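J.: After the C-alpha coordinates below, expect a handful of questions from me.
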Amino acid sequence: MKFEISAEKREAQGTGASRRLRRMGKVPGIVYGGADGAVNIQLEHKALFQNLRNEKFHASILTLKLNGGDQQVLLRAVNMHPFKLQVQHVDFQRVSKDKKIHMKVPLHFVNADKSPGVKEQGGIASHVLNELDITCFPDDLPEFIEVDLSNLTVGHSLHVREVALPKGVELAIHKSENPVVATVVIPSLITEEEEAAAAAAAVAPSEIPTTEQAAAPKEGEGAPGEGEKGDKGDKGKGAAAEKPAAADKGEKKEKK
(Lines give C-alpha, C1' and ligand atoms only; values in the text may rest on other atoms or scores of the structure.)
Protein backbone atom coordinates (compact mmCIF):
# COMPACT_ATOMS: atom_id res chain seq x y z
CA MET A 1 0.00 0.00 0.00
CA LYS A 2 1.35 3.42 -0.96
CA PHE A 3 0.92 6.48 1.23
CA GLU A 4 1.28 10.08 0.12
CA ILE A 5 1.52 12.94 2.60
CA SER A 6 1.69 16.64 1.86
CA ALA A 7 3.81 19.07 3.86
CA GLU A 8 4.95 22.68 3.75
CA LYS A 9 8.23 24.17 4.76
CA ARG A 10 8.06 25.72 8.21
CA GLU A 11 9.80 29.06 8.67
CA ALA A 12 8.88 29.95 12.24
CA GLN A 13 10.56 27.90 14.93
CA GLY A 14 10.43 27.65 18.69
CA THR A 15 7.89 26.61 21.31
CA GLY A 16 5.58 29.58 20.75
CA ALA A 17 5.47 29.06 16.97
CA SER A 18 4.72 25.34 17.41
CA ARG A 19 1.83 26.13 19.75
CA ARG A 20 0.34 28.52 17.24
CA LEU A 21 0.58 25.86 14.53
CA ARG A 22 -1.25 23.33 16.70
CA ARG A 23 -4.03 25.80 17.41
CA MET A 24 -4.41 26.16 13.63
CA GLY A 25 -4.82 22.39 13.21
CA LYS A 26 -1.30 21.75 11.97
CA VAL A 27 1.57 19.58 13.21
CA PRO A 28 5.20 20.72 13.34
CA GLY A 29 7.73 18.20 12.09
CA ILE A 30 11.12 17.64 10.53
CA VAL A 31 12.54 15.62 7.65
CA TYR A 32 16.22 14.64 7.69
CA GLY A 33 18.75 12.19 6.27
CA GLY A 34 20.18 11.55 2.85
CA ALA A 35 22.27 14.08 0.94
CA ASP A 36 20.06 17.05 1.89
CA GLY A 37 20.03 18.76 5.23
CA ALA A 38 17.25 18.74 7.80
CA VAL A 39 14.13 20.73 6.89
CA ASN A 40 11.45 21.90 9.31
CA ILE A 41 7.97 21.14 7.99
CA GLN A 42 4.30 21.42 8.94
CA LEU A 43 1.45 19.05 8.10
CA GLU A 44 -2.34 18.98 8.39
CA HIS A 45 -3.22 17.28 11.66
CA LYS A 46 -6.44 15.59 10.50
CA ALA A 47 -4.89 13.77 7.53
CA LEU A 48 -1.79 12.77 9.50
CA PHE A 49 -3.80 11.47 12.45
CA GLN A 50 -5.93 9.28 10.20
CA ASN A 51 -2.81 7.78 8.61
CA LEU A 52 -1.24 7.10 12.01
CA ARG A 53 -4.19 4.88 12.90
CA ASN A 54 -3.22 2.57 10.04
CA GLU A 55 -0.63 -0.03 11.10
CA LYS A 56 0.87 -0.15 7.60
CA PHE A 57 1.68 3.56 7.72
CA HIS A 58 4.31 2.88 10.39
CA ALA A 59 6.22 0.31 8.33
CA SER A 60 5.97 1.62 4.77
CA ILE A 61 7.99 3.80 2.45
CA LEU A 62 6.04 7.07 2.34
CA THR A 63 5.95 9.64 -0.42
CA LEU A 64 6.39 13.11 1.09
CA LYS A 65 5.26 15.93 -1.20
CA LEU A 66 7.29 19.01 -0.26
CA ASN A 67 8.08 22.19 -2.22
CA GLY A 68 6.73 20.77 -5.46
CA GLY A 69 8.86 17.60 -5.27
CA ASP A 70 8.52 14.05 -3.96
CA GLN A 71 10.76 12.45 -1.36
CA GLN A 72 10.80 8.86 -0.15
CA VAL A 73 10.73 8.83 3.63
CA LEU A 74 10.12 6.65 6.67
CA LEU A 75 8.17 7.61 9.76
CA ARG A 76 10.71 7.64 12.59
CA ALA A 77 9.08 9.29 15.60
CA VAL A 78 5.68 10.56 16.71
CA ASN A 79 5.11 12.62 19.86
CA MET A 80 1.56 12.61 21.20
CA HIS A 81 -0.11 14.91 23.71
CA PRO A 82 -0.15 13.35 27.23
CA PHE A 83 -3.95 13.04 27.34
CA LYS A 84 -5.39 14.55 24.14
CA LEU A 85 -5.69 12.79 20.80
CA GLN A 86 -3.31 15.30 19.33
CA VAL A 87 -0.01 14.83 17.50
CA GLN A 88 2.60 17.20 18.93
CA HIS A 89 5.51 16.54 16.58
CA VAL A 90 6.54 14.09 13.87
CA ASP A 91 9.91 13.03 12.39
CA PHE A 92 10.58 11.60 8.92
CA GLN A 93 13.82 10.16 7.54
CA ARG A 94 14.76 10.20 3.86
CA VAL A 95 15.70 6.86 2.32
CA SER A 96 17.78 5.87 -0.70
CA LYS A 97 17.00 2.85 -2.83
CA ASP A 98 20.63 1.69 -2.75
CA LYS A 99 21.01 1.82 1.05
CA LYS A 100 19.60 -0.67 3.55
CA ILE A 101 17.30 0.53 6.27
CA HIS A 102 16.71 -0.70 9.80
CA MET A 103 13.06 -1.03 10.79
CA LYS A 104 10.69 -2.62 13.30
CA VAL A 105 8.03 -4.56 11.41
CA PRO A 106 4.77 -5.82 13.03
CA LEU A 107 4.06 -9.56 13.25
CA HIS A 108 0.79 -11.15 12.17
CA PHE A 109 0.11 -14.55 13.77
CA VAL A 110 -1.91 -17.10 11.82
CA ASN A 111 -3.17 -20.70 12.21
CA ALA A 112 -2.94 -20.77 15.99
CA ASP A 113 -6.36 -22.47 16.17
CA LYS A 114 -5.07 -25.25 13.90
CA SER A 115 -2.02 -26.08 15.99
CA PRO A 116 -1.98 -29.37 17.98
CA GLY A 117 -1.31 -27.44 21.18
CA VAL A 118 -4.55 -25.45 20.86
CA LYS A 119 -6.81 -27.82 18.92
CA GLU A 120 -5.94 -31.11 20.64
CA GLN A 121 -4.23 -30.25 23.93
CA GLY A 122 -6.42 -27.37 25.11
CA GLY A 123 -3.65 -24.79 25.20
CA ILE A 124 -3.66 -21.13 24.25
CA ALA A 125 -1.21 -19.28 22.01
CA SER A 126 0.94 -16.72 23.79
CA HIS A 127 2.61 -13.99 21.69
CA VAL A 128 5.93 -13.03 23.25
CA LEU A 129 6.98 -10.58 20.51
CA ASN A 130 4.74 -8.34 18.41
CA GLU A 131 7.39 -6.94 16.06
CA LEU A 132 10.81 -7.79 14.64
CA ASP A 133 13.95 -5.76 14.00
CA ILE A 134 14.96 -6.21 10.38
CA THR A 135 17.23 -4.74 7.74
CA CYS A 136 16.51 -4.57 4.02
CA PHE A 137 16.53 -2.28 1.01
CA PRO A 138 13.56 0.12 0.81
CA ASP A 139 11.95 -1.78 -2.06
CA ASP A 140 11.97 -5.01 0.00
CA LEU A 141 10.40 -3.53 3.13
CA PRO A 142 7.35 -5.65 4.13
CA GLU A 143 4.30 -4.08 5.71
CA PHE A 144 4.23 -6.99 8.17
CA ILE A 145 5.70 -10.46 8.67
CA GLU A 146 3.40 -13.45 8.89
CA VAL A 147 4.10 -16.02 11.61
CA ASP A 148 2.62 -19.50 11.15
CA LEU A 149 1.77 -21.26 14.44
CA SER A 150 0.16 -24.36 12.95
CA ASN A 151 2.90 -26.75 14.17
CA LEU A 152 3.16 -25.59 17.78
CA THR A 153 2.47 -28.02 20.62
CA VAL A 154 2.18 -27.42 24.35
CA GLY A 155 5.55 -26.77 25.94
CA HIS A 156 7.25 -25.86 22.67
CA SER A 157 8.12 -22.41 21.39
CA LEU A 158 8.74 -20.74 18.06
CA HIS A 159 11.97 -18.75 17.95
CA VAL A 160 12.95 -15.78 15.81
CA ARG A 161 15.29 -17.73 13.57
CA GLU A 162 12.49 -20.18 12.74
CA VAL A 163 10.25 -17.44 11.31
CA ALA A 164 10.04 -17.42 7.51
CA LEU A 165 11.21 -14.00 6.31
CA PRO A 166 10.26 -12.36 3.00
CA LYS A 167 12.84 -12.19 0.24
CA GLY A 168 15.56 -9.62 0.86
CA VAL A 169 14.77 -9.27 4.57
CA GLU A 170 17.32 -10.07 7.29
CA LEU A 171 17.09 -10.13 11.07
CA ALA A 172 18.81 -7.26 12.87
CA ILE A 173 19.96 -9.28 15.90
CA HIS A 174 23.26 -10.65 17.18
CA LYS A 175 24.37 -14.10 16.04
CA SER A 176 23.99 -15.53 19.54
CA GLU A 177 20.43 -14.24 19.96
CA ASN A 178 17.35 -16.30 19.20
CA PRO A 179 14.46 -14.98 21.31
CA VAL A 180 11.08 -16.67 21.59
CA VAL A 181 8.34 -15.28 19.33
CA ALA A 182 5.36 -17.38 20.46
CA THR A 183 4.50 -20.43 22.52
CA VAL A 184 1.49 -22.54 23.51
CA VAL A 185 0.69 -22.92 27.21
CA ILE A 186 -1.98 -24.65 29.26
CA PRO A 187 -4.11 -22.29 31.40
CA SER A 188 -3.01 -22.72 35.02
CA LEU A 189 -5.41 -24.69 37.27
CA ILE A 190 -5.23 -24.93 41.06
CA THR A 191 -4.84 -28.57 42.07
CA GLU A 192 -4.82 -30.24 45.47
CA GLU A 193 -1.06 -30.69 45.22
CA GLU A 194 -0.58 -26.98 44.56
CA GLU A 195 -2.81 -26.10 47.50
CA ALA A 196 -0.81 -28.42 49.79
CA ALA A 197 2.46 -26.88 48.58
CA ALA A 198 1.09 -23.39 49.20
CA ALA A 199 0.00 -24.37 52.71
CA ALA A 200 3.45 -25.80 53.50
CA ALA A 201 5.11 -22.64 52.26
CA ALA A 202 2.88 -20.44 54.38
CA VAL A 203 4.50 -18.82 57.39
CA ALA A 204 3.59 -20.49 60.70
CA PRO A 205 1.71 -18.24 63.17
CA SER A 206 4.59 -18.41 65.68
CA GLU A 207 6.94 -17.06 63.03
CA ILE A 208 4.82 -14.01 62.24
CA PRO A 209 6.49 -10.94 63.76
CA THR A 210 4.38 -9.00 66.27
CA THR A 211 4.66 -5.52 67.71
CA GLU A 212 6.99 -5.19 70.68
CA GLN A 213 5.21 -5.74 73.98
CA ALA A 214 5.91 -3.63 77.04
CA ALA A 215 7.82 -5.36 79.86
CA ALA A 216 5.84 -6.42 82.92
CA PRO A 217 6.05 -3.85 85.76
CA LYS A 218 8.47 -4.66 88.58
CA GLU A 219 7.33 -5.03 92.14
CA GLY A 220 6.46 -1.64 93.58
CA GLU A 221 6.10 0.00 90.18
CA GLY A 222 2.80 0.97 88.58
CA ALA A 223 1.73 -0.32 85.23
CA PRO A 224 2.60 1.81 82.17
CA GLY A 225 0.29 4.78 81.82
CA GLU A 226 -0.54 5.02 85.52
CA GLY A 227 1.90 7.85 86.16
CA GLU A 228 -0.65 10.45 85.22
CA LYS A 229 -3.22 8.92 87.57
CA GLY A 230 -0.85 8.56 90.52
CA ASP A 231 -2.70 11.00 92.72
CA LYS A 232 -5.99 9.31 92.11
CA GLY A 233 -4.39 5.96 92.85
CA ASP A 234 -3.04 7.19 96.18
CA LYS A 235 -6.44 8.53 97.15
CA GLY A 236 -7.97 5.18 96.36
CA LYS A 237 -5.40 3.44 98.54
CA GLY A 238 -6.10 5.87 101.45
CA ALA A 239 -9.81 5.25 101.27
CA ALA A 240 -9.21 1.53 101.25
CA ALA A 241 -6.98 1.86 104.32
CA GLU A 242 -9.58 3.84 106.22
CA LYS A 243 -12.31 1.22 105.83
CA PRO A 244 -10.66 -1.43 108.09
CA ALA A 245 -10.26 1.23 110.85
CA ALA A 246 -13.95 1.96 110.76
CA ALA A 247 -14.63 -1.73 111.04
CA ASP A 248 -12.48 -1.91 114.23
CA LYS A 249 -14.53 0.81 115.88
CA GLY A 250 -17.69 -1.17 115.20
CA GLU A 251 -16.23 -4.23 116.82
CA LYS A 252 -15.32 -2.27 119.98
CA LYS A 253 -18.88 -0.97 120.34
CA GLU A 254 -20.25 -4.50 120.12
CA LYS A 255 -17.92 -5.61 122.91
CA LYS A 256 -19.19 -2.88 125.16
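The values are calculated or read from the model by the stated rules, or taken from the named source; none is laboratory data. Since this is a predicted model, take the numbers as computed values, not measurements. Note that we place each Cβ from the backbone using ideal geometry, even for glycine, and neighbour counts take in every protein chain shown. All accessible areas refer to the heavy atoms of the entire protein, side chains included, with ligands and DNA or RNA removed. Shrake-Rupley method; radii C 1.70, N 1.55, O 1.52, S 1.80 Å.
J.: Rounded, prolate or oblate: which fits segment 1-114, taking a ≥ b ≥ c as square roots of the Cα gyration tensor eigenvalues, rounded meaning a/c under 1.5, else prolate when a/b beats b/c?
T.: It is oblate, given that a/c is not under 1.5 and a/b is not larger than b/c.
J.: Normalised by the residues of segment 68-141, what does the relative contact order come to in percent, with Cα pairs under 8 Å and at least six apart?
T.: 30
J.: For Ala47, put the label point 7 Å out on the Cα→Cβ axis and report which residues of segment 86-112 keep their amide N under 20 Å from it.
T.: Under 20 Å, as judged by backbone N against the label point of Ala47, lie 86-95 of segment 86-112.
J.: Relative contact order for segment 46-201 using alpha-carbon pairs under 8 Å, separation at least 6, rounded to a whole percent?
T.: Reported relative contact order: 21 percent.
J.: How much accessible surface does Met1 have with a 1.4 Å probe, in Å² rounded to 10?
T.: About 130 Å², ignoring ligands and nucleic acids.
J.: Moving to a separate point now. Under the rule of at least 5 residues apart or a separate chain, name every residue whose amide H is placed under 5 Å from the amide H of Phe109.
T.: Val147
J.: Find the relative contact order for segment 15-125 and round it to a whole percent, using C-alpha pairs within less than 8 Å whose residues are 6+ positions apart.
T.: The value is 22 percent.
J.: List the equivalent ellipsoid semi-axes of segment 71-161 in whole Å, largest first, each obtained as the square root of 5λ for an eigenvalue λ of the Cα gyration tensor.
T.: One finds semi-axes of 34, 19, 9 Å for segment 71-161.
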